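Visitor: This is the structure I want to talk about, given as structure tokens.
The values are calculated or read from the model by the stated rules, or taken from the named source; none is laboratory data. Keep in mind that this is a model prediction, so the values were computed, not measured. Because the Cβ atoms are built from the backbone with ideal geometry, glycine has one as well, and the counts that use them run over all protein chains shown. Remember, those area values only see protein heavy atoms, side chains included, never the ligands or the DNA or RNA. Shrake-Rupley method; radii C 1.70, N 1.55, O 1.52, S 1.80 Å.
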Amino acid sequence: MIDLPPGPGSPLVATLKYLRDPYGSLRETARRYGEPHTSPSFLGKMVVTGDPAGIRTLFTADPDTYSALGAELLGPILGESNLILLSGERHRAMRKLQMPPFHGTRMRAYGQLIIDAAEEHAARWPRDRPIQVHRTMQQISLQVILEAVLGLREPGKRESFQAAVLAVIAALKPSFMFIEALRRPLLGLSAWAHFQRTRVHVAALFEEELRARRTSSEPREDILSLLLSARYDDGTALTDDELLTQMMNLIVAGHETTASSLAWAFHHIHHEPAVKTRLVEELRGLPEPLDPEAISRLPYLEAVCSETLRLTPVAPLIGRKLRKGLTLQGFDLPPGVAVGIGILLVHRRADLYPEPERFRPERFLERSYTPFEYLPFGGGARRCIGAAFALYEMKLVLATILRRYDLRPASNAPVHAAVRNTTVGPRREIELLHA
Ligand code: HEM
């Protein structure tokens with residue numbers, strides 16, 4: 001009998017609680033059972049910690065200590081070659097191919113298109129009724145990611161992809177993701193069958209785009225073009241199926257996450273008048289036309305983004321599966337057990353973040369945090385490859401909109417977090433009015 005840390009018993013109850021209130025259920029379990037504790041789930045038992053010492057152990061262990069969590073279950077849905085599901089040498093090789101487009105100067109090429117997308121969508125805001133901020137952020141982030149990943153600047157083609165990608169995301173249901181028995185066509189009427197149809201459609205669009213790209217000699221800066229010419233160390237290229245899987249993954253991983261984080265940022269800024277005043281003051285100092293580089297260097301804007309990702313992380317819990325034994329905070333964990341990093345738990349520790357429930361960007365100007373204390377993008381060998389891109393996009397969208405529009409909250413009712421597809425975001429629409 002292996003001695004795992006204590007925790008609740010029923011995976012069904014724990015899952016339902018998480019689905020109903022992801023932040024609340026994580027904190028309640030940590031309060032009741034301490035850290036680390038063991039959470040039951042459909043992916044097996046997960047030993048969860050939000051203690052910086054435990055997180056240090058997990059992030060600094062040899063990467064071969066782990067494999068990706070849920071790879072067997074999710075491979076048939078998200079693609080077997082998907083970076084987020086690969087482990088060991090295959091993960092390292094695929095990650096190496098996908099990192100260059102997200103580095104400094106490369107990423108800067110996307111600055112103007114982010115500002116243009118923010119201006120275009122905010123210009124459509126109504127004057128006589130509440131603005132639906134989360135919805136706008138989803139439109140902006142999808143447009144940005146499609147342009148950056150696929151280089152789709154022609155509106156017609158972009159709209160076809162946009163509709164096809166949104167259909168796949170909407171068709172992706174936790175039911176069949178986590179319960180294999182529900183992956184049945186049932187005469188084409190099931191959620192699974194509907195998901196398959198959306199996937200066939202998006203694959204056809206991608207294949208058409210790949211064919212066009214291969215016959216064109218036009219120089220391009222998008223991520224697909226960079227991946228088309230990327231080679232593994234042995235000189236081979238990504239196959240069409242690998243390309244399609246990675247493209248789809250980057251779009252899904254980069255779209256909802258950034259949109260929810262931006263929606264939360266607008267919410268927090270407009271519920272803390274002193275924050276808004278200080279931020280608007282900082283933005284006023286920017287020269288016109290807006291220069292993406294100048295925006296990305298603003299310290300208070302950066303602190304506002306950091307504080308948003310601390311207080312309302314879109315990934316409150318991330319996991320790995322142990323391939324080898326590991327000692328975590330005094331517990332000897334055997335291979336096969338999942339380990340969870342409670343991003344929300346560490347982000348709400350009062351010893352690190354005094355008044356942890358308050359939105360107070362100043363804390364990030366007063367002190368710095370280690371990667372084991374502040375980790376909205378995860379850490380170690382699997383840290384988010386889009387982190388710099390996402391932060392850059394958040395800053396540019398906030399700066400562009402807050403410089404042009406004076407907004408106020410439509411209501412003071414609190415907004416709770418909810419599970420949205422694969423991430424956690426605001427449960428209801430963030431509504432603002434023109435001031
Ligand atoms: C605010 C926005 C975002 C947040 C909060 C976020 C957060 C995360 C987190 C927590 C992980 C898991 C890291 C781990 O397990 O240690 C992750 C992984 C990943 N993210 Fe992001 N992400 C964001 C935006 C993006 C964007 C814009 C892209 C790409 C365009 C992206 C691509 C990825 C990929 C490919 C992985 C898998 C990395 C791997 O397994 O090696 N993310 N992200």
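Visitor: Where in segment 334-435 are there helices (runs of 4 or more DSSP H), lying wholly inside it, with at least 1 residues that are within 30 Å of PRO5 (Cα to Cα) and within 14 Å of the ligand (Cβ to nearest atom)?
Guide: Working: elements: 343-347, 363-366, 387-404.
Where helices (runs of 4 or more DSSP H) fall fully within segment 334-435 and carry at least 1 residues being within 30 Å of PRO5 (Cα to Cα) and within 14 Å of the ligand (Cβ to nearest atom), they are 343-347.
Visitor: Further question: When ALA181 is evaluated against the numbered criteria (1) under 24 Å from the mean Cα position of the chain (by Cα); (2) at pLDDT below 90; (3) open to solvent by less than 80 Å² (accessible area, probe 1.4 Å), which criterion, by number, is the only one it fails?
Guide: Answer for ALA181: the failing condition is (1).
Visitor: Out of the residues in segment 72-89 that are within 11 Å of the ligand (Cβ to nearest atom) and free of Cβ contacts under 8 Å to residues at least 40 places away in the same chain, which is surrounded by the fewest Cβ atoms within 10 Å (Cβ to Cβ)?
Guide: Filtering segment 72-89 for residues that are within 11 Å of the ligand (Cβ to nearest atom) and free of Cβ contacts under 8 Å to residues at least 40 places away in the same chain, the one surrounded by the fewest Cβ atoms within 10 Å (Cβ to Cβ) comes out as LEU86.
Visitor: Sticking with this one: Going by the conditions given, is LEU142 free of Cβ contacts under 8 Å to residues at least 40 places away in the same chain, within 12 Å of the ligand (Cβ to nearest atom) and within 18 Å of the chain's Cα centre (by Cα)?
Guide: On the way: free of Cβ contacts under 8 Å to residues at least 40 places away in the same chain: no; within 12 Å of the ligand (Cβ to nearest atom): yes; within 18 Å of the chain's Cα centre (by Cα): yes.
In short, no.
Visitor: Would it be correct to say that THR105 is in a strand (DSSP E or B) and not acidic (Asp, Glu)?
Guide: no
Visitor: Residue pairs, Cβ under 9 Å, 6 or more apart or interchain, first in segment 206-234 and under 21 Å from GLY156 (Cα atoms), second open to solvent by 50 Å² or more (accessible area, probe 1.4 Å). List them.
Guide: Pairs found: PHE206/ASP240; GLU207/ASP240; GLU209/LYS157; LEU210/ASP240; ARG213/ARG220; GLU221/ARG106; ILE223/ARG106; SER225/PRO219.
Visitor: Looking at SER216, SER225, SER229, SER296, which one is polar (S, T, N, Q), modelled with pLDDT of 90 or more and under 24 Å from TYR110 (Cβ atoms)?
Guide: On the way: SER216 fails: modelled with pLDDT of 90 or more; SER225 fails: modelled with pLDDT of 90 or more; SER229 fails: modelled with pLDDT of 90 or more.
The match here is SER296.
Visitor: For segment 255-293, which positions are of a type in the set (A, V, I, L, M, F, W, C), at pLDDT 95 or above and open to solvent by less than 40 Å² (accessible area, probe 1.4 Å)? Before the answer, list the steps.
Guide: Our first condition is that a residue be of a type in the set (A, V, I, L, M, F, W, C); within segment 255-293, this holds for 259, 262-266, 269, 274-275, 279-280, 283, 286, 290.
Among the residues that remain, those that are also at pLDDT 95 or above are: 259, 262-266, 269, 274-275, 279-280, 283.
Within segment 255-293, ALA259, LEU262, ALA263, TRP264, ALA265, PHE266, ILE269, VAL275, LEU279, VAL280, LEU283 qualify.
Condition check ((1) in a helix (DSSP H, G or I); (2) within 15 Å of the ligand (Cβ to nearest atom); (3) over 18 Å from GLU209 (Cα atoms)) across all residues:
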residue	(1), (2), (3)
LEU227	yes, yes, no
ARG231	no, no, yes
THR236	no, no, yes
GLU256	yes, yes, yes
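Visitor: I need the full set of residues from segment 36-57 which are in a helix (DSSP H, G or I) and surrounded by fewer than 22 Cβ atoms within 10 Å (Cβ to Cβ), in order please.
Guide: Residues of segment 36-57 in a helix (DSSP H, G or I): 52-57.
The answer is PRO52, ALA53, ARG56, THR57.
Visitor: State yes or no: is TYR374 aromatic (Phe, Trp, Tyr) and over 25 Å from PHE59 (Cβ atoms)?
Guide: For TYR374, the condition - aromatic (Phe, Trp, Tyr) and over 25 Å from PHE59 (Cβ atoms) - is not met.
Visitor: Give the residue, chosen from GLU288, GLU208, that is away from the ligand (no atom under 15 Å from the Cβ) and not in a helix (DSSP H, G or I).
Guide: Values: GLU208 fails: not in a helix (DSSP H, G or I).
GLU288 is the lone residue from the list that is away from the ligand (no atom under 15 Å from the Cβ) and not in a helix (DSSP H, G or I).
Visitor: Show the residue pairs that are 6+ apart or on different chains and have beta-carbon atoms under 9 Å apart, the first residue being within segment 22-40 and closer than 21 Å to THR312 by Cα and among the aliphatic types (A, V, I, L, M), the second being open to solvent by 30 Å² or more (accessible area, probe 1.4 Å) and not in a strand (DSSP E or B).
Guide: LEU26/TYR18
Visitor: Across segment 120-139, which residue is farthest from TRP264 (Cα to Cα) among those that are over 23 Å from the mean Cα position of the chain (by Cα) and surrounded by 15 or more Cβ atoms within 10 Å (Cβ to Cβ)? Give the derivation first.
Guide: Of segment 120-139, the ones over 23 Å from the mean Cα position of the chain (by Cα) are 120, 123-131.
Those left that are additionally surrounded by 15 or more Cβ atoms within 10 Å (Cβ to Cβ): 125, 130-131.
On the way: TRP125: 18, PRO130: 16, ILE131: 14 Å.
My answer is TRP125.
Visitor: How many residues are surrounded by fewer than 18 Cβ atoms within 10 Å (Cβ to Cβ) and in a loop (DSSP other than H, G, I, E, B) if we restrict to segment 108-119?
Guide: 1
Visitor: Residues being outside any loop (DSSP other than H, G, I, E, B), among the small types (Gly, Ala, Ser) and free of Cβ contacts under 8 Å to residues at least 60 places away in the same chain: count how many of those fall in segment 258-285.
Guide: Residues of segment 258-285 that are outside any loop (DSSP other than H, G, I, E, B), as a first pass: 258-271, 273-284.
Next cut, among the small types (Gly, Ala, Ser) only: 259-261, 263, 265, 274.
Now drop any that are not free of Cβ contacts under 8 Å to residues at least 60 places away in the same chain, which leaves 274.
Of the residues in that region, 1 qualify.
Visitor: Only one of PRO63, PRO11, PRO101 is open to solvent by 20 Å² or more (accessible area, probe 1.4 Å) and closer than 30 Å to ASP241 by Cα; which? Step through it out loud before you land on a result.
Guide: Details: PRO11 fails: closer than 30 Å to ASP241 by Cα; PRO101 fails: open to solvent by 20 Å² or more (accessible area, probe 1.4 Å).
Criteria check complete, one pass: PRO63.
Visitor: Which ones in segment 92-105 are within 12 Å of the ligand (Cβ to nearest atom) and either touching a helix residue (DSSP H, G or I) at 6+ places or on another chain (Cβ under 7 Å) or hydroxyl-bearing (Ser, Thr, Tyr) (or both)? Spell out the reasoning first.
Guide: To start, the set of residues in segment 92-105 that are within 12 Å of the ligand (Cβ to nearest atom) comprises 92-99, 101-102.
Across segment 92-105, the qualifying residues are MET94, ARG95, LEU97, GLN98, PRO101, PHE102.
Visitor: Yes or no: segment 317-330 includes at least one residue that is out of contact with any Lys or Arg (no Cβ under 9 Å at 6 or more places or on another chain), in a helix (DSSP H, G or I), closer than 30 Å to ARG92 by Cα and within 12 Å of the ligand (Cβ to nearest atom).
Guide: Going residue by residue through segment 317-330, those that are out of contact with any Lys or Arg (no Cβ under 9 Å at 6 or more places or on another chain) are 317, 319, 321-330.
Imposing the further condition that a residue be in a helix (DSSP H, G or I) reduces the set to none.
No, that holds for no residue.
Visitor: Please give the number of the condition ARG360 fails out of (1) in contact with a helix residue (DSSP H, G or I) (Cβ under 7 Å, 6 or more places away or on another chain); (2) among the charged types (D, E, K, R); (3) surrounded by fewer than 17 Cβ atoms within 10 Å (Cβ to Cβ); (4) farther than 23 Å from ALA118 by Cα.
Guide: For ARG360, the exception is condition (3).
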